[in-house]
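To start, the structure itself, in structure tokens.
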Amino acid sequence: MTTDESLPVLCASCGGPVAPGADWSLHCSYCGTEDRLPDDELRRVLELKRRITAAARSAAQLRGLNAVAATMFERGGALSVVVGAGLGVTLLAAVAVIAGAISSGGDAATMAGRGFLLWAYVSVPVGMVFAVSLSLLIGRHTYRARVRGELLARAPREEGAPMRCRVCGADLPDDDSPFVRCRYCSSQSLATEEVHDRRLERLDREQQAYRSRAGKTVAHVAHVGLQMDRTLLICVVLTYVITYASIGLSQLLL
């Protein structure tokens, strides 16, 4: 609900939208909190902005690399190109190493030794490309399984109405990008067709979500980054282990 200043009116306890009475009294239909906004217009606007800011702080926000990654995860074509190119480079490098070792001739031990030596030369850059590609795949899986649903915009109250901010409930502006920034709390909401397609279902679920949503989403967003960091670190360590192992084996066989 918005006031004549167009600011969303939020419950001071659970953050749910509240319709103010004529005397600016508030009754939250979600948690039952009774409240009242100041009669003075300036104080009322400041109080509403304070509540909006508090709601934004309590919800997970997409910033920096998290915002870039989430946008890439939503645009599957771009992610497929990056991951496909990375895995393709890895495969081509492996084929080139095998072909080079075989074409050099000699007995099996000599060809194997040359193959390990060739792989040692290319394993670090190839391993880095593979590590980034794999971490993106794992990050996308974790994002879609545990985070994406919490970032979806709130359903329109009526058919044909704009989707609403996932944090403060204000109407979102028209935007072609997957994530739309709220003009009031600056939170980014994922505005997709599925929000319209499942409008009634999402309106029902919204009534149960205000108290549990924020803390859970913060933890899950952190989990996505942690999963990607772990994958990247493991792949980098394995890359160097394989490199030194290849050098050692080539020295033994040549």
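Descriptive notes on the structure:
- Listed values for the stretch 171-184 are Karplus-derived 3J(HN,Hα) couplings in whole Hz (6.51 cos²θ - 1.76 cosθ + 1.60, θ = phi - 60°), namely 4, 8, x, 5, 7, 7, 6, x, 9, 10, 8, 6, 6, 9, and x replaces Gly and Pro.
- The phi torsions of the stretch 25-42, fed into the Karplus equation with coefficients 6.51, -1.76 and 1.60 and a -60° offset, translate into couplings of 7, 10, 9, 6, 7, 9, 10, x, 5, 9, 8, 8, 8, x, 6, 5, 4, 4 Hz, rounded to whole numbers, with Gly and Pro shown as x.
- Here, the stretch 1-58 has an Rg and a Dmax of 10.3, 29 Å when only alpha carbons are counted.
- Length-normalised contact order of the stretch 1-58 in % [C-alpha pairs under 8 Å, at least 6 apart]: 28 percent
- Mean Cβ neighbour count within 10 Å, used as a protection proxy, ranking 134-141, 227-234 highest first: 134-141, 227-234
- Maximal additional length on extending the Val237-Val81 stretch stands at 53.6 nm, based on 0.36 nm per residue less the C-alpha distance.
- Here the extension length gained between Asp40 and Leu92 equals 11.7 nm, from 0.36 nm per residue of separation less the Cα-Cα distance.
Laboratory data are not the source of any read-out in this text; all were calculated from the coordinates shown. Just so it is clear, the structure is predicted and the values come from calculations on it, not from any experiment. Cβ: placed from backbone, ideal geometry, glycine included. Neighbour counts: every protein chain shown.
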